[in-house]
Amino acid sequence: MGLRLKECGNVPIPRSMALPTAGRHQPNGPVCRNTNQTGITMNRFHRVAGLLAASFLAITSLVSPAWANANLPPELQAKVEKAKKLLTDRAADPAIVAAVRDANARGPGAMTNGTWIELEDGAPAVKAVLSTGPSRQIAAWETADKTINKIVLRDNKGNLIAASVRPLIFNNANRAVFSKPFEAQQPWAAGEIKPDPTTQIPSVHVAAPVMDGGKAIGVLQAGVSAQ
């Protein structure tokens with residue numbers, strides 16, 4: 001069945017992504033939100049679109065041709081190697097290790113990727129994540145390094161703990177940026193440039209495991225700007 005669109009102002013919104021208007025009977029045809037609600041709807045639409053794009057990139061990366069993993073330009077490769085070392089050092093910070101250890105013991109609660117995407121940027125749950133001590137520390141690290149456009153800390157299941165900017169998804173356990181460094185227990189970097197799902201900046205993903213007692217307990221990941 002094809003995707004049916006309805007114009008809201010100048011913005012097409014899929015029926016499946018439009019929210020019902022309270023107190024109104026909804027017809028079987030396409031749904032359009034009131035124009036004063038378009039901003040809220042589009043924020044959610046952009047996050048869903050970003051998630052779909054990120055999922056597509058994750059799938060295609062498994063079947064990419066050889067040229068997609070060609071060597072990075074020397075200048076960018078140097079930035080990537082520097083970022084790997086920096087993340088390894090940052091991942092060993094006692095406050096970061098303690099934050100991951102506590103998050104693993106506590107668990108993610110009821111939060112899921114679907115719930116996270118539905119939340120607006122100003123939602124209490126989003127603010128709570130970005131205002132913690134680890135998030136403030138991570139944001140300071142990002143600000144101090146102009147080659148990095150985001151830093152995210154995740155627990156041993158890939159769940160979000162802290163971040164310098166709101167990431168697109170709450171759990172990325174099935175993404176290479178988490179699974180590769182966590183399973184190998186060593187720093188990892190992608191061999192290609194892609195638009196970052198969160199910032200949309202052309203980037204190379206790098207990550208380092210958070211180690212505790214010789215065992216990986218989480219991952220600290222970042223996007224290195226290719227510009």
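The values are calculated or read from the model by the stated rules, or taken from the named source; none is laboratory data. This one's a predicted model, so the numbers in the text were calculated from it and none came from an experiment. Here the Cβ is made from the backbone with ideal geometry for all residues, glycine too, and neighbour counts use every protein chain on show.
Points worth noting:
- Restricted to segment 151-205, and to residues there that are touching a His at 6+ places or on another chain (Cβ under 8 Å) and part of a loop (DSSP other than H, G, I, E, B), the residue that is farthest from residue 107 (Cα to Cα) is 190.
- Segment 68-89: number of residues that are part of a loop (DSSP other than H, G, I, E, B) and of a type in the set (Val, Ile, Thr): 0
- Every residue from segment 108-125 that is farther than 17 Å from residue 155 by Cα, under 15 Å from the mean Cα position of the chain (by Cα) and not charged (D, E, K, R): 114, 115, 117, 119
- Residues that are closer than 11 Å to residue 161 by Cα and not in a helix (DSSP H, G or I) were ranked within segment 90-130; the one that is modelled with the highest pLDDT is 107.
- Among the residues of segment 131-150, those that are under 14 Å from residue 96 (Cβ atoms) and either assigned to a strand (DSSP E or B) or β-branched (Val, Ile, Thr) (or both) comprise 132, 138.
- Matching entry among 159, 104, 113, 171 (being of a type outside the set (A, V, I, L, M, F, W, C) and without any contact (Cβ under 8 Å) to a residue 60 or more places away in the chain): 159
- Residues satisfying the stated conditions in segment 206-220, i.e. surrounded by fewer than 24 Cβ atoms within 10 Å (Cβ to Cβ) and assigned to a strand (DSSP E or B): 211, 212, 215, 216, 217
- Cβ-Cβ distances below 9 Å connect no pair with a first residue in segment 128-152 that is free of Cβ contacts under 8 Å to residues at least 12 places away in the same chain and buried (at least 20 other Cβ atoms within 10 Å of the Cβ), a second residue that is assigned to a helix (DSSP H, G or I) and not charged (D, E, K, R), and a separation of six or more residues or different chains.
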